[in-house]
Amino acid sequence: MTKRNLETNAAGHLTFGGCDTVALAEKYGTPLYVMDGDQIESNMQTCMQAMAQHFASYKVFYASKAMITKAICKMAKKNGLHLDVVSGGELYVALQAGFPGERISMHGNVKTPQELEMALTNHVTLVADSLDELGDIEAMAQKLGMRAKVMLRITPGIEAHTHEYIQTGTYDCKFAVGIVDGQAMQGIKTIIASNEMDFMGIHCHIGSQILSDEPYDPAGVRMAEFALEVEKETGVRVPEIVMGGGFGIHYAGDEIPKPISAYIQKMADGLNRVYQKAGVPVPTISIEPGRRIVGEAGLTLYTIYTRKEKPGIRTFVSVDGGMADNPRVTLYQAEYEAVLAARPLAPAEETVRLSGRCCESGDVLIYDLQMPVAHKGEVLAVFATGAYNFSMASNYNKLPVPPVVLVSKGRDALMVRGQSLADMVRLDEVPAWVEED
């Protein structure tokens with residue numbers, strides 16, 4: 001395990017946000033998601049400050065797909081961030097939290113008519129993902145008698161070195177329209193010519209969990225070059241360029257991400273070179289961090305239930321959660337680090353496979369975890385689970401989605417109530433003929 005700055009209290013227990021994690025597990029039960037509100041807000045402010053150092057006009061969007069709750073939306077609003085959503089559900093949470101629709105953009109390669117109507121009536125900017133979708137947006141705007149604010153997501157053709165499932169900037173990807181095949185220019189001309197759409201800018205996203213800052217320079221160059229091509233061909237200035245997110249965090253091992261300022265510096269270098277050569281000012285530049293804001297601001301607490309020795313093979317230590325509350329290991333071969341909450345500084349004595357409780361051989365949380373010999377009933381803390389854990393949780397094996405607790409300076413409170421068994425059958429209906437004998 002990579003050395004982390006582990007904080008402990010007088011009892012030697014792991015603390016998080018000033019709270020004793022063993023006590024949190026006793027109070028709320030396990031599995032339990034724990035989020036440090038102070039770290040979330042600090043990360044938001046760091047992103048804002050990094051952008052302010054490089055761009056005269058900028059926006060920071062929180063990528064809510066990483067994790068969205070009403071409390072996090074309120075934090076984003078308080079710290080001056082905008083918000084990006086990818087569904088009517090995420091948009092609904094944001095609106096319920098009082099987040100202004102004018103500061104929200106909606107992404108996604110599929111937007112239903114209901115979602116388009118919801119977005120338009122709340123003055124949300126739509127990030128179109130295909131030429132086909134532009135027709136849907138135009139038709140809905142016409143139906144509602146209003147103009148749609150529309151950006152176009154384009155593929156810059158940049159390959160980020162990350163897992164292939166989360167590369168989103170290459171041409172062979174389900175997202176966005178291409179530059180080289182002419183679709184991006186065609187889409188922008190369609191928006192400009194429409195009586196129902198206002199052209200708000202261009203958008204790209206090259207991938208997720210990117211540890212190197214290098215891809216952001218060529219991405220900036222390509223987006224700036226294309227923006228100037230648009231202006232030359234249409235006579236319309238591109239008012240905003242969204243460079244996406246993808247900034248990596250530390251999960252495990254020796255791979256350490258760059259400071260957020262390093263990513264922004266590379267991005268600015270690429271953009272500025274092109275615009276300075278053209279002799280025109282850089283437009284509004286935006287980023288969309290999600291994982292970078294909440295990933296390391298979260299951890300998950302589990303209780304150890306079983307220990308199984310398979311002589312000559314390995315030792316399995318199993319907990320009361322797994323792929324239902326964290327599917328990332330199964331999906332992306334993600335790696336995590338963990339410690340025993342009551343003795344986080346105890347030296348490792350063995351290597352075990354940390355397994356979940358789901359009925360799948362692939363339900364593994366950590367393949368090779370070096371740890372002290374653990375005992376049944378001990379609490380285990382898995383780090384960096386703030387992003388894409390709660391938001392991807394499921395009821396597989398009819399396991400309830402765990403609660404989320406927010407901690408800050410030694411205080412703790414529920415941010416999301418956990419599901420009960422009754423919650424999981426609340427929406428069930430039994431057709432009349434099933435009841436018949």
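The values are calculated or read from the model by the stated rules, or taken from the named source; none is laboratory data. Remember, predicted model here, so these are calculated numbers, not experimental data. Note that we place each Cβ from the backbone using ideal geometry, even for glycine, and neighbour counts take in every protein chain shown. To get the accessible areas, we keep the full protein, side chains included, count just its heavy atoms, and leave off ligands, DNA and RNA. Shrake-Rupley method; radii C 1.70, N 1.55, O 1.52, S 1.80 Å.
Things worth noting here:
- Zero-based 10 Å bins, Cα pair distances in the chain, whole percents: 4, 20, 28, 23, 15, 7, 2, 0, 0
- Normalised by 2.2 N^0.38 Å, where N is the number of residues, the C-alpha radius of gyration of region 345-398 stands at 1.31.
- Structure-based [θ]222 nm, the chain - -39500 (n - 2.57) summed over DSSP H runs of at least 4, per residue, nearest 500: -8500 deg cm²/dmol
- Restricting region 387-437 to trypsin sites (Lys or Arg not before Pro) in coil, as DSSP defines it, with at most 16 other Cβ within 10 Å: Lys409, Arg417, Arg426
- Across Lys59/Lys111; Lys308/Lys376; Lys65/Lys111; Lys65/Lys266; Lys258/Lys409; Lys376/Lys409, pairs whose alpha-carbon gap is larger than 20 Å: Lys59/Lys111; Lys65/Lys266; Lys258/Lys409; Lys376/Lys409
- Put the Cα centre of region 1-77 next to the Cα centre of region 264-285 and the gap is 32 Å.
- Highest-MSF residue in the chain out of Ala11, Ala52, Ala387 [GNM, Cα springs under 10 Å]: Ala11
- Carbon + sulfur, % of accessible area of the chain - ligands and nucleic acids excluded, 1.4 Å: 50
- Percentage of interatomic Cα-Cα distances in region 286-345 larger than 16 Å: 64
- If you look at the Cα atoms of region 1-133, you get an Rg and a Dmax of 18.5, 61 Å.
- Solution diffusion estimate, µm²/s, Stokes-Einstein, region 251-391, Kirkwood Rh from C-alpha pairs, 25 °C, viscosity 0.890 mPa s: 140
- Taken as entire DSSP H runs, the helices of the chain never both span 30 Å or more between Cα atoms along their own long axis and average 1.0 or more on the Kyte-Doolittle scale.
- Distribution of pairwise C-alpha distances over region 108-263, 10 Å bins, in %: 11, 38, 31, 16, 4, 0
- When you work out D = kT/(6 pi eta Rh) for region 343-437 at 10 °C and 1.306 mPa s, using the Kirkwood radius from C-alpha pairs as Rh and the Stokes-Einstein form, the result is 93 µm²/s.
- For the chain: accessible area per residue (Å², 1.4 Å): 44
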